Amino acid sequence: MTIIELAPRLSNPLQLLAKRQEASIEEIIEEVIDRFLREQRHAQLLQEMERFRQMHSELLPQFRGKYIGMLNGQVLDSDADGGMLHTRLARQYGDQPILIVEIKDQPEQEFKRLSRRLVV
Amino acid sequence: MKSLYRADYHPPIPALPIRLYSPVTDRFVGPELALVDTGSDATLVPLRHLLAIGAEETAPGWLVTVTGERQAVALYFVDIYLEQDVAPGIRVIADQEGDDVVLGRDFLNRFPLFLDGPLKQLTVPDAVAVRRMRMPAS
């Protein structure tokens, strides 16, 4: 556990918010940090995606039909099985924001859904 | 294995009891009755489930609807369990708003499924039944 001391300008409104939401201060802070870390990871993956787009035509002949893991423009590993690649990279590199993409004719990782939405 | 359609949708919709698992964190979530959507390329999973098993985003992607509308999405890898069977390493779309897991063809095409609309029941037939169903008509 890490102990963080908050300035009064943060802790006072936080206590009020916790009371209003019937949650603990720890729960609110954890939720905020969790969202922040997720947004940071997403932003880093977007940057990596941009590097991948620029390199796509070079990578296509070598990796067509495979998944690759990329960090800072470097291909770290590849596999025909994306799940295996993901587990391997996560065990080797921990929480690093490694982009895992399938190498197809187009760089965008696109999925189609015929039903526009499900209506209850 | 038999599973009743979910009657909280109108018309009732086929559903399967699944669990989600992250081999990285060794955490499960579920079981829950996931919707069957053969019109979807990929499986959609509520973000809260992905967070519950400690899964991390692996790529940004796009979900394109039948009208051509493009929505930016985040992609994750999870294992999906259907009773004792497992579909490992499925790349799923995080659903920020939905409450239900929606099983797409990336998962569904791994199993023989029998949709019995009048009985509102989905059956995953056993190996003997599958062999019989696949026999050419004489």
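The values are calculated or read from the model by the stated rules, or taken from the named source; none is laboratory data. Source: prediction; values computed, not measured. Every residue, glycine as well, gets a Cβ built from its backbone with ideal geometry; the counts of neighbours run over all protein chains shown. Surface accessibility is based on the protein's heavy atoms, side chains included, excluding ligands, DNA and RNA. Shrake-Rupley method; radii C 1.70, N 1.55, O 1.52, S 1.80 Å.
Before moving on, here are some points about what is shown:
- Checking each residue in segment B:90-130 for being within 13 Å of another protein chain (Cβ to nearest Cβ), open to solvent by 20 Å² or more (accessible area, probe 1.4 Å) and either touching a residue at least 12 places away in the same chain (Cβ under 8 Å) or over 30 Å from A:LEU99 (Cβ atoms) (or both) picks out B:ASP95, B:GLN96, B:GLY98, B:ASP99, B:ASP100, B:ARG105, B:ASP106, B:ARG110.
- A residue that is surrounded by 13 or more Cβ atoms within 10 Å (Cβ to Cβ), at the interface with chain B (Cβ under 7 Å from one of its Cβ atoms) and without any contact (Cβ under 8 Å) to a residue 24 or more places away in the chain occurs somewhere in segment A:59-82.
- Filtered residues of segment A:103-117 (kept if in a strand (DSSP E or B) and either touching a Ser or Thr at 6+ places or on another chain (Cβ under 6 Å) or more than 8 Å from chain B (Cβ to nearest Cβ) (or both)): A:ARG113
- The set of residues in segment B:35-56 being at the interface with another protein chain (Cβ under 7 Å from one of its Cβ atoms), buried (at least 18 other Cβ atoms within 10 Å of the Cβ) and touching a Lys or Arg at 6+ places or on another chain (Cβ under 6 Å) consists of B:SER40 alone.
- Verdict on A:ARG88 being farther than 19 Å from B:PHE77 by Cα, assigned to a helix (DSSP H, G or I) and open to solvent by 70 Å² or more (accessible area, probe 1.4 Å): no
- For segment B:70-79, the condition holds for at least one residue, the condition being that it is touching a residue at least 40 places away in the same chain (Cβ under 8 Å), within 22 Å of B:MET1 (Cβ to Cβ) and either at the interface with another protein chain (Cβ under 10 Å from one of its Cβ atoms) or touching a strand residue (DSSP E or B) at 6+ places or on another chain (Cβ under 6 Å) (or both).
- Counted residues, segment B:2-34 - those being hydrophobic (A, V, I, L, M, F, W, C) and either within 11 Å of another protein chain (Cβ to nearest Cβ) or open to solvent by 10 Å² or more (accessible area, probe 1.4 Å) (or both): 7
- From the options B:VAL86, B:VAL78, residue that is outside any loop (DSSP other than H, G, I, E, B), touching a Leu at 6+ places or on another chain (Cβ under 6 Å) and either under 21 Å from B:VAL24 (Cα atoms) or of a type in the set (A, V, I, L, M) (or both): B:VAL78
- Condition check for B:PHE77: in contact with a Lys or Arg (Cβ under 8 Å, 6 or more places away or on another chain) and not small (Gly, Ala, Ser): yes
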